[in-house]
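Coordinate-derived values only; no laboratory data. On a predicted model such as this, the values are computed, not experimentally measured, just so you know. Here Cβ is always computed from backbone atoms with ideal geometry, including for glycine, and neighbour counts include all displayed protein chains.
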Amino acid sequence: MEVKKRLGKRIQELRIKNNLKQSELAEKIDIATKSQSCIETGKNYPTAENIEKYAKAFNVDVAEVLDIGHIKTSDELLSEMIEMLKSADENEIVTSYRVLKGILH
C-alpha cells in the first residue's frame, strides 16, 4: 500500500478514535471537509503544517500521526502472518490456532 493511502488511513483511525466526524476535524485544522476526505482516502497528502494541526487536534506527538507501520492491506497482513507461522515452533502454532479460532468462531 502506498504511503499516501497509509497516512490517510492513519489520520482516519485517529479521527475515529477521537470520536470526530470528518467535518469536525476539518474545522479544527481549518481545511475543507472535501480536502479532509481526500486526505483520508489517500488522494492527497496533508501539508506539514496540517500534520502538526492533526497532532494538536488528537493531543498526540507528530510522530504518532506519522506512525503508519501497522497500516497494511489484508494481503500484506496475511503474508506476514504466514511467514510468522512458518518460523514458529509447535507451541506457538498451537497457541496461534487457539487464538484465531477463538476470534473467528
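Below, the figures for the structure above:
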quantity	calculated
Most fluctuating residue given options LEU66, LEU25, LEU85, as computed from a GNM of the chain linking Cα atoms under 10 Å	LEU85
Size of charge dipole - the chain - debye, nearest 20, with Cβ of Lys, Arg +1 and Asp, Glu -1, no other charges	480 debye
Förster radius 22 Å - calculated FRET efficiency between ALA88 and ALA63 (Cβ-Cβ, nearest 0.05)	0.10
Members of LYS9/LYS43; LYS17/LYS72; LYS9/LYS72; LYS4/LYS86; LYS21/LYS72 lying beyond 20 Å, as alpha-carbon distances in this model show	LYS4/LYS86; LYS21/LYS72
Extension gain from ILE103 to ASP30, taking 0.36 nm per residue of separation minus the Cα-Cα distance	22.2 nm
Summed residue charge, Cβ within 15 Å of LEU20's Cβ, Lys/Arg positive, Asp/Glu negative	+2
FRET E, pair CYS38, GLU80, Förster distance 30 Å, beta-carbon r, rounded to 0.05	0.55
Near-label residues of segment 57-101 by backbone N, under 16 Å of a point 7 Å along Cα→Cβ of GLN22	none
On Cα atoms only, tilt of 48-58 relative to the major axis of the chain in degrees	70 degrees
Globularity ratio of segment 1-82, using Cα Rg and 2.2 N^0.38 Å	1.09
Acute angle (nearest 10 degrees) that the helix 3-17 long axis makes with the longest principal axis of the chain, alpha-carbon atoms	80 degrees
Per DSSP, loop trypsin sites (Lys or Arg not before Pro) in segment 1-81 with at most 13 further Cβ within 10 Å	LYS21, LYS43
Nearest 10 degrees, 0 to 90: helix 74-86 Cα axis against the chain principal axis	30 degrees
